[in-house]
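See structure below.
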Amino acid sequence: MNQGFEVVDRRRIYDVLLILLSGFQHTAFNFGCEAGINKSSIDGTTVPPGVLITFVLKGLQYHEMEANLNDVSTTDVDDDFSFIQPWDLLTKNVNQLRQMVKEKKKNKQKQKEIEEKENDVKDNPRKKKLRKLIIDDEEEKKEEENEQNISTGPKPMDISTPSIPKTRVRIPKPDVMILKGHTSEVITCAWNPSGSLLASGSGDSTGRIWTIPDRTNNTYSVQNGPANFVVLKHSKGRTKEKNKDVTTIDWKMDGTLLATGSHDGKARIWSTNGELKSTLNKHKGPVLCIKWNKKGSYLLTGSFDETAIVWEKEDYWKQQFKFHSGPVLDVDWRNNHSFASSSTDKTINVCKIGENRPVKIFSGHEGEVNCVKWDPTGSLLASCSDDTTAKIWSMKHEKNIHDLRNHTKKIYTLKWSPTGPGTINPNKRLLLASASFDSTINLWEVEYGRIFQNLKGHGDCVYTLSFSPNGEYLASGSKDKFMHIWSLKDGKIIKTYNSNGSIFEVCWNKEGDRIAACTSNNSVCVLDFRK
């Protein structure tokens, strides 16, 4: 006990000395009297310099360590002690400090999750459309520069390109037409259903309608000159306008009108000669998906504002569907009056015009549902998700009838083959193709819910798929800058094209002799396909 008093006395004596050295003599006198220094038997001159500071620092360090320690049952003690500021250590007790550390750790974990989602956005063309909502143009440019200079991660080691001689499968240059004019990445493209027109949408606030000429003398006549196109301007010409990116496009089935969706929350309808026919303005967030029904009587849009809207007569909205609790990532018509929508809220809604609530809600995915597609008959619905699974649903059942598990990373998109009942190829087997960030493509036998073929050939995330009209070939595009054409007879690559940028979308024309691909290097490629 005496030793304890001696330590206290030494501390008091040194406090007085420290105050005196600081020039506060009156304060030192009062402090000495209140501390009873004059009654102490210890000679103040024997107190070594710096002992109080050392003592206080050790006390603060102990206090900080005590606040950061978890329960005795845990072993995680290697946390960042910088959560606590010096003033907090002096003014708060251990319980208060522990609560502070707990809250700051929780915030740090949330920030980590946000950063992970941002990294996901960089690898995901559709979700990349959302990025400009939360960062300005300068940050966007910095991120794009970083993406070009820094690898986003190792490529899968189990994926290898088939050892087919490149001279046999590469599409020769005379068979490729490069369409230039966009000044930013081209996110989407689509062939006109009834002609040789090709539409594209870009991050440069424009869409374009390209007139693709016929080949002459075994080469494209436009190789030596600019392509013929009209520009669909989604801004008023101000260079600093934000959120005008064209995110999604779709042709009306008769080929007379093109619909585009934009970051500004508006959908627009254009004639084939580039005339703006109408602007549809009701969404409160970016339009992420857009689809005409087969009859062409309704246009369907899905938005970041968590709603889907059906528009009638190309100029006014008929019904807004507010059933999701997250952004609507995809929509697809089942028939001329009902459709499915998927969302980041992990659910799928089947809605019908005139109904005030979904006629069906499919739940079962454990991650964001990136894509939904009805089969050619409208009886089966396929979906794919960040949870690495694809699922097949039936309106006759509450739960999915098939759970397709073979991918190891999130599945970005899927497509039904144009074969089987309800198609122009009724005698061929119906297949479902899924594309994943694991660099592979799976073909599924829908009837049995089992894998038919696993296509390995890409070296990075597969973004897009498109079946040839006869159902015999599949085109795929990837972040690895390659477009492959696969024969579905044996699952081999028969032709390939190497672009200068990531390929965001590929699509076949109606005749099946041309494939369009849009890329991150601001261009659109038209590839001649002759079997």
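Just a few scattered comments:
- Test: residue in the range 424-443 that is within 23 Å of Gly512 (Cα to Cα), in contact with a His (Cβ under 6 Å, 6 or more places away or on another chain) and touching a residue at least 60 places away in the same chain (Cβ under 8 Å): no
- Filter result for Phe482 (more than 22 Å from Ile424 (Cβ to Cβ) and in contact with a helix residue (DSSP H, G or I) (Cβ under 8 Å, 6 or more places away or on another chain)): no
- Scope the range 494-531; condition more than 28 Å from the chain's Cα centre (by Cα) and within 21 Å of Gln453 (Cβ to Cβ); matching residues: Ile494, Lys495, Gly512, Phe529, Lys531
- Test result for Gly459, touching a Lys or Arg at 6+ places or on another chain (Cβ under 7 Å), open to solvent by less than 40 Å² (accessible area, probe 1.4 Å), modelled with pLDDT of 95 or more and among the small types (Gly, Ala, Ser): yes
- Qualifying residue in the range 405-419 (condition: touching a Lys or Arg at 6+ places or on another chain (Cβ under 7 Å), buried (at least 21 other Cβ atoms within 10 Å of the Cβ) and over 26 Å from His324 (Cα atoms)): yes
- Residues that are within 21 Å of Trp191 (Cβ to Cβ) and buried (at least 21 other Cβ atoms within 10 Å of the Cβ) within the range 425-448 comprise Ala433, Ala435, listed in sequence order.
- All told, Ile451 meets the bar of being of a type in the set (A, V, I, L, M) and open to solvent by 10 Å² or more (accessible area, probe 1.4 Å).
- Selected residue (criterion: most open to solvent (accessible area, probe 1.4 Å)) from residues of the range 499-531 that are in contact with a helix residue (DSSP H, G or I) (Cβ under 9 Å, 6 or more places away or on another chain) and of a type outside the set (Gly, Ala, Ser): Arg530
- Residues (open to solvent by 50 Å² or more (accessible area, probe 1.4 Å) and touching a strand residue (DSSP E or B) at 6+ places or on another chain (Cβ under 6 Å)) located in the range 282-295: Lys282
- Just one of (1) open to solvent by 20 Å² or more (accessible area, probe 1.4 Å); (2) without any contact (Cβ under 8 Å) to a residue 60 or more places away in the chain fails for Lys479. It is (2).
- Residue list for the range 351-382, filter: within 17 Å of the chain's Cα centre (by Cα) and farther than 12 Å from Lys410 by Cα: Val372
- Breaking point among (1) assigned to a loop (DSSP other than H, G, I, E, B); (2) under 24 Å from Cys507 (Cβ atoms); (3) open to solvent by less than 10 Å² (accessible area, probe 1.4 Å), for Gly422: (3)
- Condition check for Thr248: open to solvent by less than 20 Å² (accessible area, probe 1.4 Å), out of contact with any helix residue (DSSP H, G or I) (no Cβ under 8 Å at 6 or more places or on another chain), modelled with pLDDT of 80 or more and polar (S, T, N, Q): yes
- Each residue in the range 296-315 was checked for being closer than 14 Å to Ala259 by Cα and either open to solvent by 40 Å² or more (accessible area, probe 1.4 Å) or among the basic types (Lys, Arg) (or both), and 4 pass.
- Lone qualifier among Lys346, Lys399 - being within 26 Å of the chain's Cα centre (by Cα) and open to solvent by 10 Å² or more (accessible area, probe 1.4 Å): Lys346
- For Glu241, the conditions (1) modelled with pLDDT under 95; (2) out of contact with any Ser or Thr (no Cβ under 8 Å at 6 or more places or on another chain); (3) more than 25 Å from Ile178 (Cα to Cα) are fulfilled apart from (2).
- Test: residue in the range 484-498 that is touching a Ser or Thr at 6+ places or on another chain (Cβ under 9 Å), of a type outside the set (S, T, N, Q) and open to solvent by 40 Å² or more (accessible area, probe 1.4 Å): yes
- Those residues of the range 375-389 which are touching an Asp or Glu at 6+ places or on another chain (Cβ under 8 Å) and surrounded by 21 or more Cβ atoms within 10 Å (Cβ to Cβ), in sequence order: Leu381, Ala382, Ser385, Asp386, Thr389
The values are calculated or read from the model by the stated rules, or taken from the named source; none is laboratory data. Computed from a prediction, not measured in an experiment: that's the story for all the values here. Note: ideal-geometry Cβ built from the backbone for every residue, glycine included; neighbour counts use all protein chains shown. To get the accessible areas, we keep the full protein, side chains included, count just its heavy atoms, and leave off ligands, DNA and RNA. Shrake-Rupley method; radii C 1.70, N 1.55, O 1.52, S 1.80 Å.
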